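Contents: one structure, followed by commentary.
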Amino acid sequence: MHNFSDLNKELSNLYKEYTGRGPKYIKSYFVDDVLIIKINWYEEKIFNKIANDEHGKNVVKTTYKNILKYWGEEAKKAIENVTGIDVLGMYFDEEMALLNNDKVVVFLLNNTLN
């Protein structure tokens, strides 16, 4: 049995490395060969102020995309280490950067979690 709390803790620590502070919480859900990670990060007031026009929205989306790009590479390694299953790919919607503090990242795995 794999320990979700170990995985969530590892992913939270990696997130903190990239953003300077950890998320409020991370939750992991396995569905067949898909791992869904829900990250609730702290509201960044500067993002709210910047996202008042189209240029600002693009800045916020680009920042979000870059955070998840670098975090995601390390997250793949952590997922493989904790689960023993290879990660085939990672997906996220950069539009979520503008919606709220909950972000969802989906990892496609090479096998199901037993």
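The values are calculated or read from the model by the stated rules, or taken from the named source; none is laboratory data. These numbers come from a predicted model, not from an experiment. For neighbour counting, all protein chains shown are included, and Cβ atoms are generated from backbone atoms with ideal geometry for every residue, glycine included.
Ile37 meets each of the listed conditions (1) out of contact with any strand residue (DSSP E or B) (no Cβ under 7 Å at 6 or more places or on another chain); (2) of a type in the set (A, V, I, L, M); (3) not in a helix (DSSP H, G or I) apart from (1).
Remark: pairs (first residue in the range 8-31, surrounded by fewer than 16 Cβ atoms within 10 Å (Cβ to Cβ); second residue among the basic types (Lys, Arg); Cβ separation under 9 Å; 6+ apart in sequence or on different chains) = Tyr25/Lys38; Lys27/Lys38; Tyr29/Lys38. Number of residues in the range 67-114 that are aliphatic (A, V, I, L, M) and within 11 Å of the chain's Cα centre (by Cα): the value is 7.
In this structure, does Ala75 turn out to be of a type outside the set (Lys, Arg), modelled with pLDDT under 90, in contact with a Leu (Cβ under 8 Å, 6 or more places away or on another chain) and surrounded by 17 or more Cβ atoms within 10 Å (Cβ to Cβ)? No, not satisfied.
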